[in-house]
Amino acid sequence: MRIFTGVKPSGHLQIGNYFGAIKPALDLQDQGEGIYFIADYHALTTVQNADEFRSYIEEVELGWLACGLDPKKSIFFRQSAIPEVNELAWLLSTLTPMGLLERCHAYKDAVSNGFAASHGLFAYPVLMAADILLYQADVVPVGKDQKQHVEVTRDLAMKFNEKFGTVFNLPEPRISEEVATIIGIDGRKMSKSYDNTLQMFGDEKLFQKRVMSIKTDSTPVEAPKPVEGSTLVELYKLVATPEELAEFKADMQRGGRGYGDYKKQLLEKLKTCFAPIRERYFDLKSRPDDVRDIMQDGTKRARSIAQKTLDAARHAVGLT
Ligand code: ADP
Ligand code: TRP
């Protein structure tokens with residue numbers, strides 16, 4: 001089984017990305033052949049500052065390795081290192097009905113959030129289909145918001161296979177329903193668009209400050225604290241054992257301690273969870289040559305798959 005997913009380097013990594021996307025995707029490494037890539041072409045639809053972009057790409061690259069992507073077992077590469085994807089995207093775009101793209105929620109959402117309605121943003125699902133089909137993926141772990149794009153991919157693959165003979169494998173989206181939405185420090189979904197994130201590799205003091213500023217209600221120190229819908233409890237749940245969580249909640253319900261105490265307790269847990277990941281991150285950052293070797297090896301392995309698929313697709317349409 002080939003497991004395939006991409007991540008957009010469009011901002012700093014936050015703990016919502018870790019629990020919602022990175023960890024579930026990397027947990028699948030043991031269940032098949034993992035292929036992970038940095039969707040830098042896709043990110044260009046929204047990030048248009050070269051220095052910022054370079055730093056996001058580096059952070060995602062080091063971040064995924066630090067979180068446990070095993071480059072010996074899995075393939076890891078940058079999308080833009082393998083130009084074949086552009087040619088496949090073109091072949092697919094000649095089969096893509098405008099109406100299919102017009103129905104895509106992600107495009108409509110991006111435009112309603114103020115992003116320019118560029119051709120790249122509109123054609124985004126076609127490039128995503130090219131990614132998935134080029135590597136003949138079986139399973140594509142994605143968040144709910146990307147499910148429609150995997151369905152577009154299947155449509156295009158079926159259309160191509162019917163017209164020109166079978167070239168592409170039909171991929172299945174894998175949406176892990178049990179991954180809840182991670183809550184940010186203001187109680188809304190943690191997202192860079194809300195500026196409510198806890199960054200994984202940012203400044204430690206700032207991290208502390210943001211944990212201490214998690215929004216709580218105005219229950220007095222001595223009174224029992226509500227645990228239902230509490231952001232502190234939701235975040236604690238991510239980093240504690242069930243017993244520790246039960247104790248944390250019971251303690252809040254007893255009353256007698258202020259929110260500041262619970263925030264400190266949460267902060268310690270978060271630090272313990274992310275300390276080894278941060279350590280690996282900064283170690284990798286200090287060894288750029290080793291990281292380059294890892295990426296070159298991943299690119300070589302990915303490219304040999306990509307070239308085989310593209311050759312078959314070119315041949316099928318009559319380009320020889
Ligand atoms: P952001 O909302 O900060 O812009 P992205 O859209 O770049 O995050 O998210 C990248 C991946 O991380 C997606 O697969 C998304 O599902 C996951 N993710 C991001 N934020 C959360 C969250 N708060 N809870 C769960 N998953 C999240
Ligand atoms: N569009 C995906 C996202 O926003 C990233 C992505 C690009 C992707 N190509 C992909 C994900 C192929 C899975 C497979 O998260």
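Values quoted throughout were computed directly from the atomic coordinates according to the rules given, and no laboratory measurement underlies them. Being a predicted model, the structure only gives us computed values, none of them experimental. Glycine gets a Cβ as well: all are built from the backbone with ideal geometry, and neighbour counts include every protein chain shown.
Structure summary
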| item | result |
| --- | --- |
| 0 to 90° range, to nearest 10: angle between helix 50-66 axis and the chain longest Cα axis | 80 |
| Selected from Phe248, Leu238, Gln208, residue furthest toward positive end of dipole (segment 202-282; charges at beta carbon) | Gln208 |
| 0 to 90° range, to nearest 10: angle between helix 288-317 axis and the chain longest Cα axis | 40 |
| Spin-label model distance (nm) - Gln29 vs Leu101, 7 Å beyond Cα toward Cβ | 3.6 |
| 0 to 90° range, to nearest 10: angle between helix 259-285 axis and the chain longest Cα axis | 40 |
| Cα-centre dipole for segment 1-77 with unit charges at Cβ (Lys and Arg positive, Asp and Glu negative), debye to 20 | 200 |
| Pairwise Lys count, segment 202-282 - Cα closer than 16 Å, eight or more residues apart or different chains | 23 |
| Rounded to 5, the percent of DSSP beta bridges in the chain classed as antiparallel | 10 |
| Positive dipole terminus of the chain, leading residue within Val167, Gln307, Ile38 (C-beta point charges) | Ile38 |
| Contour excess over end-to-end distance, with Cα ends at His119 and Asp290 and 0.36 nm allotted per residue | 57.9 nm |
| Full-stretch length increase - Thr219, Met1 - with 0.36 nm per residue and alpha-carbon distance subtracted | 73.3 nm |
| For segment 246-320 versus segment 100-116, the gap between their alpha-carbon centres in whole angstrom | 27 |
| Stretchable slack from Cys273 to Gln208, in nm (0.36 nm times residue separation minus alpha-carbon distance) | 22.0 nm |
| Leading residue at positive end of dipole, the chain (Cβ point charges), from Pro220, Asn17, Leu28 | Pro220 |
| Rounded to the nearest 20 debye, dipole of the chain from Cβ charges on Lys, Arg, Asp, Glu | 180 |
| Built amide H within the under 5 Å cut-off of Glu172, gap 5+ | Val139, Val140 |
| Total charge dipole magnitude, segment 202-282, about the Cα centre, Cβ charges on Lys, Arg, Asp, Glu only, Debye to nearest 20 | 300 |
| Qualifying GluC sites (Glu not before Pro) in segment 171-270, DSSP loop, other Cβ atoms within 10 Å at most 11 | Glu177, Glu178, Glu222, Glu228 |
